[in-house]
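Scroll down for the structure; my scribbles are underneath it.
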Amino acid sequence: QVQLVESGGGLVQPGGSLRLSCAASGSIFSIGAMEWYRQAPGKKRELVASISSGGRTNYADPVKGRFTISRDNAKNTVYLQMNSLKPEDTAVYYCNADVLIIGGIFRNDYWGQGTQVTVSS
């Protein structure tokens, strides 16, 4: 009913930048919070950044000042601008959206398939 598709991952050198995108499509009535998570090998998935439907943002301490989350509500898309990347940012990045589908009563969480970000020289 709802699909989230991430793009923009890749290999970048330390200090470089990447911009991730996540587009939601399907039977969407409205989207609440949208979030980016990441999971490094052998580690738990962790919240990186979140943005409310009204644009309020929150960031995990390790990315504050380097990452910026934004959204385009008309396109049902959330972005993650990542600057000053470090090797420890290497992970699979997933987007998550809190979606009310057309005809639905309650919101549900939907996940993208993930996009690999590798920071290495």
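Some values worked out for this structure:
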| quantity | calculated |
| --- | --- |
| Hits in segment 53-65 - residues which are open to solvent by 30 Å² or more (accessible area, probe 1.4 Å) and not in a strand (DSSP E or B) | S53, G54, G55, R56, D61, P62, K64, G65 |
| Lone qualifier among A33, A91, A49 - being touching a Ser or Thr at 6+ places or on another chain (Cβ under 7 Å) and in contact (Cβ under 8 Å) with a residue 40 or more places away in the chain | A33 |
| Residues that are part of a strand (DSSP E or B), acidic (D, E) and surrounded by fewer than 16 Cβ atoms within 10 Å (Cβ to Cβ), drawn from segment 67-121 | D72, D109 |
| Residue that is surrounded by the most Cβ atoms within 10 Å (Cβ to Cβ) [pool: residues in segment 1-30 that are touching a residue at least 60 places away in the same chain (Cβ under 8 Å) and closer than 10 Å to L80 by Cα] | C22 |
| Counted residues, segment 39-66 - those being closer than 16 Å to N83 by Cα and not hydrophobic (A, V, I, L, M, F, W, C) | 6 |
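The values are calculated or read from the model by the stated rules, or taken from the named source; none is laboratory data. Fair warning: this is a prediction, and the values are worked out from it, not measured in the lab. Glycine gets a Cβ as well: all are built from the backbone with ideal geometry, and neighbour counts include every protein chain shown. Please note that ligands, DNA and RNA were not included when accessible areas were found on the heavy atoms of the full protein model with its side chains. Shrake-Rupley method; radii C 1.70, N 1.55, O 1.52, S 1.80 Å.
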